[in-house]
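In what follows, a single structure is set out as structure tokens and then discussed.
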Amino acid sequence: MGHLDHAAYGLLTPALSYVMASIGAALGLRCTVRALAATGSARRNWLITAASAIGSGIWTMHFVAMLGFSVTGTEIHFNVPLTVLSLLVAVLVVGAGVFAVGYGKRRGRALVLGGLTTGLGVASMHYLGMAALRLHGEVSYEPLMVALSVAIAVVAATAALWAALNIKAPVAVAVASLVMGAAVTSMHYTGMLAVAVRVTPSDAALPGVTAMQFIFPLAVGLGSYLFITSAFVALSPTAEELAASASVRNLGGRAAAAAQH
């Protein structure tokens, strides 16, 4: 059995993965809050942004953590199509969850459906990402730890969507995001504790690419997207601010009309 190291760079990759998960959660929750206060195409657009933020944040968390994963006796490469597919799954399934909450007429039912869908999507992303591993040997999993990681993903997703439905204050959203980031990161490392690798020494070239060749540049790109989108959301007016602005304009218009008479 190969010795597994989940933090080859010390605390750097676990800490950075937690930061990325928390940023994605914070942005997604803020967008969901904005969506619930909007109507029509504005609601749809906010929900799409929420899905892309949460999905990108979770995917970036996973693969930043994987930068610190190593196995004694073998190099590690990644299959590119499966890695990209894991990102698409994360965004699409998280999207299904937030849309269920955003458009569900019965909030309790929508929360359960959205939490289950999103949680299973997070777990699917994780294990698709693990299926993209290419190394000299065989990867196996401890079923109980796999089940525990999926349960953590579902609970974390449900709690996050509940927060989006019930928590409006920015400080409370920030706290909820930190909790969600911790839950999602815990899900990742719980899933990694399920992994065992039987190394088969070989000099043959591995298929795929190294993490630094593909995953690191993509993670940097997605991280930049999250930061830029965060700035956009922070600077865009809320529904309350738009209503207040419209009220001021209406008062000004009535005052001007009265002055003319």
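The values are calculated or read from the model by the stated rules, or taken from the named source; none is laboratory data. Predicted model, so just to flag it, every value in this text is computed and none were measured. Neighbour counts are summed over all protein chains in view; Cβ atoms, including those assigned to glycine, are modelled from backbone coordinates with ideal geometry. For the accessible areas, the whole protein counts, side chains as well, though only heavy atoms, and no ligand, DNA or RNA atoms are used. Shrake-Rupley method; radii C 1.70, N 1.55, O 1.52, S 1.80 Å.
Here are the numbers for the structure shown:
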{"read-out": "The listed residue being touching a residue at least 40 places away in the same chain (Cβ under 8 Å) and within 14 Å of the chain's Cα centre (by Cα), out of 157, 132", "value": "157"}
{"read-out": "Set 186, 140: member being open to solvent by 10 Å² or more (accessible area, probe 1.4 Å), touching a strand residue (DSSP E or B) at 6+ places or on another chain (Cβ under 6 Å) and among the polar types (S, T, N, Q)", "value": "140"}
{"read-out": "Among the candidates 47, 16, residue that is open to solvent by 40 Å² or more (accessible area, probe 1.4 Å) and in a helix (DSSP H, G or I)", "value": "16"}
{"read-out": "Failed criterion for residue 80 (all others in (1) open to solvent by 10 Å² or more (accessible area, probe 1.4 Å); (2) farther than 19 Å from residue 215 by Cβ; (3) among the β-branched types (Val, Ile, Thr) hold)", "value": "(2)"}
{"read-out": "Residues that are within 22 Å of residue 164 (Cβ to Cβ) and either touching a Pro at 6+ places or on another chain (Cβ under 7 Å) or open to solvent by 20 Å² or more (accessible area, probe 1.4 Å) (or both), drawn from region 53-77", "value": "none"}
{"read-out": "Residue match in region 213-221 (condition: in contact with a helix residue (DSSP H, G or I) (Cβ under 9 Å, 6 or more places away or on another chain), among the small types (Gly, Ala, Ser) and at pLDDT below 70)", "value": "no"}
{"read-out": "Failed condition for residue 171, given (1) under 14 Å from the mean Cα position of the chain (by Cα); (2) farther than 24 Å from residue 92 by Cα", "value": "(1)"}
{"read-out": "Residue 157 under 30 Å from residue 203 (Cβ atoms), small (Gly, Ala, Ser) and open to solvent by less than 10 Å² (accessible area, probe 1.4 Å)", "value": "no"}
{"read-out": "Checking residue 85 against (1) of a type in the set (A, V, I, L, M); (2) open to solvent by less than 40 Å² (accessible area, probe 1.4 Å); (3) within 16 Å of residue 214 (Cβ to Cβ), the condition it does not meet", "value": "(2)"}
{"read-out": "Cβ pairs under 7 Å, 6+ apart, first in region 1-25 and in contact (Cβ under 8 Å) with a residue 12 or more places away in the chain, second open to solvent by 50 Å² or more (accessible area, probe 1.4 Å) and hydrophobic (A, V, I, L, M, F, W, C)", "value": "22/178"}
